[in-house]
Amino acid sequence: MKTYNKLKYILLLLSVICLFLFNTSCGLDVFYVISAPYEIVHRPSYDSTDFSDRYFSFWTNEPVSTTGFSFQGTDVYYKIYNNVDNMTSEVNTLQSLSNSETTSSTSANKLIDPSTGGGYGYSKLKVQEYYNEPLIPYTGSNQKVYIRLTDYQNLEEYSARILIGGSDGSNLYGSASKTIPVRDNRYSFNFGRSGTNDKVPVSTDSDVKYNSETSDTKWYVAMFAVSVGYDTSYVSVYSNILYLGSVTIDQAESDN
């Protein structure tokens, strides 16, 4: 009986030591949950024929500082499709993930990961002549964002630009000049124009989902927003995603 009690004591002691070492030396995993951009101001739809409707607007969701975590800001991801059915299928899947309590945490991975990783490989929206990341830096206050991808005639009100504070707000980064959204390869979204930076997408572009059976002149761009930050190990942490909408860009038209 004494031997049994001694053995039980030794096992208990080892268990306590292992638990202590696990919690202090190895450390417990810490999972940070950050809030997604939370409110749509205007969500365009690809089937709208009104040029004045072709803009995206939403609010960022910026938290108070969190110990051990660095909130960086908000990124916008986009993808170009030449087939509307392909776009709506992928958008529906992403929205379904984001709306589910059990899969919302994986929605950003599905959005960003390339097809080789099981995702859709959306690309980051960029700004002409800027290389800032994330697209909309953290300020500590929620920001109203306005994005128009294309130019309509030479009207400033309907020009391609990103503004903070809505359609009558200020240029991104406090820039004195217009902050123009561009693709990940730095080309513009003016597919129907002939400027140096205006290129029609091709099937091999990394930001394009191409269907060879489609022979239309129209392209469809879907966009999502996501909050992003880093933990103490500089590992990226993403929020749930917010669907911003979609627009049609016709390469046969100079004005979109």
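The values are calculated or read from the model by the stated rules, or taken from the named source; none is laboratory data. Keep in mind it's a predicted model, so treat the numbers as computed, not measured. Using ideal geometry, Cβ is built from the backbone for each residue, glycine included, and neighbour counts are taken over all protein chains shown. Note: accessible area is taken over every heavy atom of the protein model, side chains too, but ligands, DNA and RNA are not part of it. Shrake-Rupley method; radii C 1.70, N 1.55, O 1.52, S 1.80 Å.
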- Solvent-accessible area, 1.4 Å probe, carbon plus sulfur percent, for segment 42-155: 43
- Message: Longer than 22 Å from Cα to Cα, which of 110/199; 124/209; 124/178; 144/178; 178/218; 79/218 are they? Say none if no pair is.
- Response: 110/199; 178/218
- Decide, for segment 107-237, between rounded, prolate and oblate: order the square roots of the alpha carbon gyration tensor eigenvalues as a ≥ b ≥ c, take rounded if a/c falls under 1.5, and otherwise choose prolate if a/b is larger than b/c, else oblate. oblate
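Using the heavy atoms of the protein chains alone and a 1.4 angstrom probe, what is the accessible area of the chain per residue in square angstrom?
On the way: 13800 Å² over 256 residues.
Per-residue accessible area for the chain comes out at 54 Å².
Count the net charge of all other residues whose Cβ sits under 9 Å from the Cβ of residue 128, scoring Lys and Arg as +1 and Asp and Glu as -1. Walk me through the intermediate numbers first.
Working: positive: 126, 178, 186; negative: 129.
With Lys, Arg at +1 and Asp, Glu at -1, the net is +2.
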- For Rg and Dmax of the Cα atoms in Å, the listed values are (1) 20.6, 76; (2) 23.4, 94; (3) 27.6, 83; which was obtained by calculation from the structure presented? (2)
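For the chain, which span is the longest to avoid every loop-located (per DSSP) member of GluC sites (Glu not before Pro) having at most 10 other Cβ atoms inside 10 Å?
Numbers: sites that count: 101, 213.
The longest such stretch corresponds to 102-212.
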- What residue among 33, 226, 76 has the largest mean-square fluctuation in a Gaussian network model of the chain, using Cα springs under 10 Å? 33
- In a GNM of the chain with a 10 Å cut-off on Cα contacts, which of 85, 50, 75 has the highest mean-square fluctuation? 50
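Using the Cα gyration tensor of segment 33-174, with a ≥ b ≥ c the square roots of its eigenvalues, what is the shape: rounded (a/c below 1.5), prolate (a/b larger than b/c) or oblate (neither)?
Details: a/c = 1.74, a/b = 1.09, b/c = 1.60.
Oblate is the answer for segment 33-174, as a/c is 1.5 or above yet b/c matches or exceeds a/b.
Where a ≥ b ≥ c are the square roots of the eigenvalues of the C-alpha gyration tensor, would you call segment 166-226 rounded, which needs a/c under 1.5, or, failing that, prolate if a/b is larger than b/c, or oblate? Please report the intermediate quantities before stating the final value.
Details: a/c = 2.42, a/b = 1.87, b/c = 1.30.
It comes out prolate by the Cα gyration axes.
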